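Have a look at the structure below before the remarks.
What follows is calculated from the coordinates using simple rules that are stated; it is not laboratory data. Bear in mind that the values here come from a model prediction, so they are computed numbers and not experimental data. Cβ placement follows ideal geometry from the backbone for every residue including glycine, while neighbour counts extend to all protein chains displayed.
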């Protein structure tokens, strides 16, 4: 294993590469932040306008009478899941000949989740920047290993979606047809395929200096990505992936005991609801507004009232965001302190 190069000062070049059109870049950045927030605000207003004053009081009652001990247990499991993700990361880095300490990995993961609440996917960049600064790991190699993680995550989530589909076919079918604008999603998917194809052709055949520089960076990303396939500890990596996603399921499962009205949910219902909630978080900054809304919609198929579903969705979402916020801020504060003492 090669020795890590000396850590470099943290610069901003990885985070803000010039694009030739700073206005479009800034506009795109702000739209990616504001649109999910505006969607969340709309869903909150839409939901609460449909409630009567009596129903709102009922929701407040569910918040008041919830057993928050289960939320604390779920939070502990969620933190353990973050620790597993941090530990698993070492396998990909070691395969490329680099080492990063577990505390740095753990704090980088926590900070990454925190930053993802602001600018989408900025957390992945921050993780690579952190291990570059404190462990001397080249940015492109670290980022490539993180991209590989996300691809694995998408594969696992897709498998859970298939599992939910087979376990609860009638409910998933009704949910998709009744609650999701399938036609619009199909049009969006087709547009995305055409757009991706056009960008791929430009990348493959363009001789512009910017594209050539990008190709050089991508070579490092490819090494980080393919490290998962060729690493000698790949089975340990995938075993820990199973443990990580098991912790996610267990985190959600524990929360159903927070309210008496949700304790009867079967494991099939838990998996289906977990998938819906994961989709809400994966495709927005944090699931703000959309997570409670979609959880309420899916739970309605299991005879859970809108009041209970809304309270449950907000309790679970708020607890998850508190874990991200607390662990992210603590990690942000402790990361330089820990590395100063080394």
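Here are a few things to note about the model shown:
- Sorted by Cβ neighbour density within 10 Å, fewest at the top, the residues 252, 80, 283: 283, 80, 252
- Cβ crowding within 10 Å ranks 249, 304, 37 as 37, 249, 304, fewest other Cβ atoms first.
- Site pair residue 118 and residue 72 shows an inter-label distance of 3.2 nm when each label is modelled 7 Å from Cα along Cα→Cβ.
- Per-residue Cβ neighbour rank within 10 angstrom, fewest leading, 293, 169: 169, 293
- With Cα atoms defining each centre, the stretch 65-107 and the stretch 281-305 are spaced 25 Å apart in the structure.
- FRET efficiency for residue 236 and residue 190, using Cβ-Cβ distance with R0 set to 45 Å, rounded to 0.05: 0.70
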